[in-house]
Amino acid sequence: MSVRDKKPGERPEPQATSRGYGAPACAEIPFKARGFTLIEMLVALSVFSLAALALLKLQGFTLATTADLDQKLLGQIVARNLAVELLSDPAPPGLGQTSGDVENGGQLWHWTRKAKLTDDPRIIQIDLRVEGHAGTSPNALTIVRMAK
């Protein structure tokens, strides 16, 4: 007996389904109205978690690279400052290797200078190497200037 066939005052009889009274069977639910299965949800969450972990790892690498770039830039500034001092000094630097320390940016930098004559004896080649604290890559700069 369907709801349309019932008489006034009568209650409709519950229809038996594969899931019990009142709940429609899976085959009776339209395909578009069905939800995700537990396995589908677990797979989706695992894919999402792998993507999230990859993004976190990338973010950590980006932060470390940014800090290294900051140190490298400051080291280049120190090397260029030393080069400007050498180029603006009226007397040419002595040939050979010299080293020293300079403070810049609130940090101590160790520099090494190697001066040598080029094939043209009127020109001196000066190699500068600046190192910050341990673990950072050194900065190198080569300049040339007139011997006199």
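The values are calculated or read from the model by the stated rules, or taken from the named source; none is laboratory data. Since the model is a prediction, treat every value here as computed from it, not as a measurement. Cβ placement follows ideal geometry from the backbone for every residue including glycine, while neighbour counts extend to all protein chains displayed.
Candidates are the residues of the range 99-131 that are surrounded by fewer than 15 Cβ atoms within 10 Å (Cβ to Cβ) and aliphatic (A, V, I, L, M); the one that is farthest from SER88 (Cα to Cα) is LEU108. Residue pairs whose Cβ atoms lie under 7 Å apart, separated by 6 or more positions or on different chains, with the first residue in the range 118-136 and within 12 Å of GLN107 (Cβ to Cβ) and the second assigned to a loop (DSSP other than H, G, I, E, B) and at pLDDT below 95, are VAL130/PRO138; GLU131/PRO138. Here GLY135 clears all of (1) part of a helix (DSSP H, G or I); (2) at pLDDT below 90 except the condition numbered (1). From the list SER18, SER49, the one residue that fits, being surrounded by 10 or more Cβ atoms within 10 Å (Cβ to Cβ), farther than 30 Å from ILE143 by Cα and either in contact with a strand residue (DSSP E or B) (Cβ under 6 Å, 6 or more places away or on another chain) or at pLDDT 90 or above (or both), is SER49. Determine whether GLY75 is exposed (fewer than 12 other Cβ atoms within 10 Å of the Cβ) and either in contact with a Ser or Thr (Cβ under 9 Å, 6 or more places away or on another chain) or touching a residue at least 40 places away in the same chain (Cβ under 8 Å) (or both). No; evaluated as a whole, the condition is false for this residue.
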